[in-house]
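What follows is calculated from the coordinates using simple rules that are stated; it is not laboratory data. Keep in mind that this is a model prediction, so the values were computed, not measured. FYI the Cβ positions are ideal-geometry reconstructions off the backbone, even for glycines, and counts take in every protein chain you see.
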Amino acid sequence: MAEKTIQLRVMRYRPERSDDPFYQVYTIPYRDDMVVLDALNYIKDHVDPTLTYRWSCRMGICGSCGANIEGTPKLTCSVFLRDLRRQPVTIEPLANFPILKDLIVDIEDFMDKLLRVKPYIIREKEKPLERGEYRQTQEEVDMFRQQSLCINCMLCYSACPVYGHDDRFLGPAASALAYRYLQDSRDEGGDARIAAIASTHGIWQCTFVGECSVVCPKDVDPAGAIQQLKAMAATKLMKSMLLPLASR
Amino acid sequence: MGAPADEVDRITPVFWGLFSLGGFVVAILLPIFIVMNSLAYAFAFVSADTITYRGMLAWIASPITKLFLVVVVGGSLFHAMHRIKYILYDFGAARHKNVIEPLVYGIAVVGTVAALFLAFSFP
Amino acid sequence: MATETARKPYVRHRSAMWWTKNPRYFLFQIRELSAVFVALYAFLVLYQLWVLRQGAESYRAFLDLWFSGPMVLLGLAILGFTVLHAVTWFLLTPKVLAARLARSPASSALVFVVMLAVWIAVSYVVVAFLYAPPAPVPPGGH
């Protein structure tokens, strides 16, 4: 009985071999329960060991395996082959990032941006250990819970046409991360953080395309977070302009 | 690679606020205004009296109407010019922001002031 | 043994036709384009007011243009874009008002319906009060 097969068209890039990326088509056995990552692993294990790509948990929580599948940024571990309409299935490195090799993209810019928003609790004075934990009500946690679920998979940056056009843009995940800390009742670093995001290449470059929230595998809604940040930053500016003597 | 810290943008937030207010004006007030001002007569929803010279003078005599016109024109311009700025930036014009920002927001300001003068110039 | 492979990151540039790649990008672009038509109408109204100031003769000539076929078509197009703006604006309102409003489809839908109701109500008020049929002018009156 003939085995079912599937064709994948994978973008390769070998800087030591050529200046430009090229596509390679692989035909592999197909099972109904395969995800794209399974296919890539099959290729690497049985067909072409040189194929290079990132992956880890294979269950949609580590954020390592992002790739452009049929033009849309997705986690390769979370896309079933049976749900893909077209053959061959085109797999490319995450859009809007420089390609280092095959499906591996340069994530340094993303890492820089995460750090820029000071992603840690900032307090004027730390509570001494003996005084116990910082306690929060359910409502207080709900204020930032959604944005705390980000797995740093960078699909949102691939979806964002603003970032695609100008990589100085802070971008969805970093902005959502800033929002996550600004909304955390334990945090007292509001001013420093807002200064970091309310710059020319911060949230003001966002034009609310909204695709970032569409592709987010964890429903973080960075688009919503950015609009909230715009309102917060604008309000803060108005207050400081209209009530310059009011102490913060 | 550490990029130098960006300067805090104090201009855009102001105009984003006006863009937001204008967005509500455009969404809620502009459609019915377009219907009444440009279409209703053409589709015989209103009589000729509404749109003739004397009809318009009578209409614009009310201070409420004058205010309405200023809000609709001003809101439309502050909303639209902010968006148009980003359309231009998307075409790569962001390096000319020192020219574009005064231009687009200047148009909004001048247009709003013009609406104010024109509307309130009628008795 | 292996010599280090020289890093040569390959940068792909965003295509100029990026907005044709999926329906949401396309809708976004049309939505932004609506701003051009909104600005256009504002300029047209300013022109209209300016002509009104020039007197009866000028305004009569202006009316021939204002209600000509092409202008009415333009008006319909502008109206179309404005309505598109309104609908997309109301859909986005929950996200700007408060993050928690956007979190559930139910509350997002509620905000949308409320905005729609406000839109209809205000439109009615505009027609009923701003465009109320003029009261008969008393002789010598204003």
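Taking amide H atoms as placed 1.01 Å from N in the peptide plane, list the residues 5 or more away in sequence, or in a different chain, whose amide H sits under 5 Å from that of residue A:63.
Placed amide hydrogens put nothing under 5 Å from residue A:63.
Looking only at Cβ-Cβ distances, which cysteines of chain A have no other cysteine closer than 4.7 Å?
Singleton cysteines: A:65, A:77, A:150, A:153, A:160, A:206, A:216.
For B:79, A:201, B:96, which order do you get if you count the other beta carbons within 10 Å of each Cβ and list the fewest first?
Working: B:79 30, A:201 20, B:96 12.
Exposure proxy ranking, most exposed first: B:96, A:201, B:79.
Order these by the 10 Å Cβ neighbour count, fewest first: B:66, A:44, A:101. Walk me through the numbers on the way to the answer.
Working: B:66 18, A:44 14, A:101 22.
Result, fewest neighbours first: A:44, B:66, A:101.
Can you list the residues, at least 5 places off or on another chain, whose amide H is less than 5 Å from the amide H of residue A:90, using H built in the peptide plane?
A:9, A:70
Which loop GluC sites (Glu not before Pro) in the range A:84-172, with loop taken from DSSP, have no more than 10 other Cβ atoms within 10 angstrom of their Cβ? Could you put the intermediate results ahead of the total?
Working: sites: A:108, A:124, A:126, A:130, A:133, A:139, A:140; in loops: A:124, A:126, A:133.
Sparse-neighbourhood loop GluC sites (Glu not before Pro): A:124, A:126, A:133.
Between 0 and 90 degrees, rounded to the nearest ten: what's the tilt of helix C:23-54 against the longest Cα principal axis of chain C?
Taking the Cα atoms of chain C, the angle to C:23-54 is about 30 degrees.
Quote the convex hull volume per residue of the range C:1-130, based on C-alpha atoms, as a whole number of Å³.
Working: hull volume 29.5 nm³, N = 130.
In the range C:1-130, the Cα hull volume divided by residue count equals 227 Å³.
Provide the per-residue ³J(HN,Hα) series for the range B:96-110, in order, calculated from phi with Karplus coefficients 6.51, -1.76, 1.60 and θ = phi - 60°, each as a whole number of Hz, with x at glycine and proline positions.
9, 4, 5, 9, 5, 4, x, 5, 5, 6, x, 4, 4, 5, 4
Hey, can you grab everything whose amide H is under 5 Å from the amide H of residue A:6? Only 5+ residues off in sequence or another chain; H modelled, so Pro and N-termini drop out.
A:28, A:30
Where in the range B:44-123 are there chymotrypsin sites (Phe, Trp or Tyr not before Pro) that are in a DSSP coil and have at most 10 other Cβ atoms within 10 angstrom of their Cβ?
Numbers: sites: B:45, B:53, B:59, B:68, B:78, B:86, B:89, B:91, B:105, B:117, B:120; in loops: B:45, B:91.
Qualifying residues, ordered by number: B:91.
Calculate one ³J(HN,Hα) per residue across the range B:65-77 by plugging θ = phi - 60° into the Karplus curve 6.51 cos²θ - 1.76 cosθ + 1.60, and present them in order as whole Hz with x for glycine and proline.
My calculation for the range B:65-77 gives 4, 4, 4, 4, 4, 5, 5, 5, 5, x, x, 4, 6 Hz in order.
With each run of n ≥ 4 DSSP H residues scored as -39500 (n - 2.57), what mean residue ellipticity at 222 nm is computed for the protein assembly as shown after dividing by its residue count and rounding to the nearest 500 deg cm²/dmol? Please list the in-between numbers first.
Numbers: 20 runs with 266 residues, N = 513.
Counting only the DSSP helices, I get -16500 deg cm²/dmol.
Given a cut-off of 27 Å, name the pairs among A:236/B:66; A:118/B:85; A:118/C:95 whose C-alpha atoms lie farther apart than that in the structure shown. Please report the intermediate quantities before stating the final value.
Details: A:236/B:66 33 Å; A:118/B:85 30 Å; A:118/C:95 24 Å.
Cα-Cα > 27 Å for A:236/B:66; A:118/B:85; rest within.
With θ taken as phi - 60° and the coefficients 6.51, -1.76 and 1.60, list the Karplus ³J(HN,Hα) couplings across the range B:89-95 in order, rounded to whole Hz; mark glycine and proline as x.
Working through the residues one at a time gives 4, 5, 8, x, 8, 4, 5 Hz.
Just rank B:57, A:100, A:182, fewest to most, by other beta-carbon atoms within 10 angstrom.
Numbers: B:57 14, A:100 19, A:182 22.
Ordered by Cβ neighbours within 10 Å, fewest first: B:57, A:100, A:182.
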